[in-house]
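Let me begin by presenting the structure, written as structure tokens, before commenting on it.
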Amino acid sequence: MVAQIESTSHARTPDLRERRRQETRREITQAALELFELQGSAATTVEEIARRAGVSPSTYFRCFATKEESVCGTDPEFEAALLDWLGSTAPEEVDLAGIESVYEQFLRRLMASTDDTWDQLLRTRRLIASDENLRAAAFAADALAMCRLTHNVAERVGGVRSSSYAKLLVEVAGVAIRIAFDSWVERVEAGDAADLVEIYRTTRQELRQISA
């Protein structure tokens with residue numbers, strides 16, 4: 001799953017309004033993480049999260065559709081980067097290497113993020129692993145994101161490739177990055193030095209060995 005990390009997944013410079021929106025989203029996510037860690041997601045309400053973040057419930061729902069989405073939704077800017085690549089690539093050139101390149105660029109920006117971003121990512125992954133409600137929400141969000149991307153890829157390559165090609169392309173790319181994230185978290189939790197980009201590259205090589 002691609003974690004929801006603000007302002008790391010797209011190279012564009014946001015305007016003042018967007019920066020304020022991102023800051024509000026960060027504050028909400030931080031409040032949700034603290035409450036979920038204290039009492040679990042099932043026992044936490046949107047009203048409690050909004051109050052802790054210092055915003056109104058209506059402001060909360062302008063940022064997130066559900067309480068779970070505030071910590072385990074997919075990154076909208078990351079999806080935008082994938083769609084930008086897809087729109088600028090000729091249908092016959094849409095392939096696994098291209099999607100993997102977009103994923104790796106995202107991971108490189110993530111590696112350059114602040115300690116706060118890394119802390120948020122680790123806390124989110126721990127919660128997803130330990131909280132059944134959040135784990136289900138994370139899988140659902142990931143599945144929906146994969147469906148959206150598959151639809152867009154299928155539309156782009158239509159007439160050149162089959163719909164099954166689009167599905168396989170998206171699923172294979174998704175498996176590699178999910179496993180890379182899981183491996184990175186395991187190594188960090190064990191106290192080992194871990195480079196997420198290198199782990200992702202190794203995971204891709206292993207996937208190719210298996211498919212070969």
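Quick note: the coordinates plus some simple rules give every number you see, no bench work behind them. None of the values given here were measured: they were computed from a predicted structure. As a convention, Cβ positions derive from the backbone with ideal geometry for all residues, glycine included, and neighbour counts pool all protein chains shown.
Relative to the longest principal axis of the Cα atoms of the chain, the long axis of helix 115-130 lies at roughly 90 degrees. For the chain, the longest principal axis of the Cα atoms and the long axis of helix 76-87 meet at an angle of about 20 degrees.
Three principal axis extents of region 6-119 based on alpha-carbon atoms, in descending order, are 49, 29, 26 Å.
Going by neighbour counts of Cβ atoms within 10 Å, the residues 63, 72 line up, fewest first, as 63, 72. Taking springs between alpha-carbon atoms closer than 10 angstrom, which of 16, 122, 33 fluctuates most in the Gaussian network model of the chain? Highest fluctuation among the options: 16.
Computed from the C-beta positions of residue 187 and residue 89 and an R0 of 30 Å, the FRET efficiency is 0.35 to the nearest 0.05.
Rounded to 0.05, the FRET efficiency of the residue 38 and residue 112 pair, given R0 = 22 Å and the Cβ-Cβ distance, is 0.10. Prolate is the label for the chain, because a/c, from the alpha-carbon gyration tensor with a ≥ b ≥ c as root eigenvalues, is 1.5 or above and a/b exceeds b/c.
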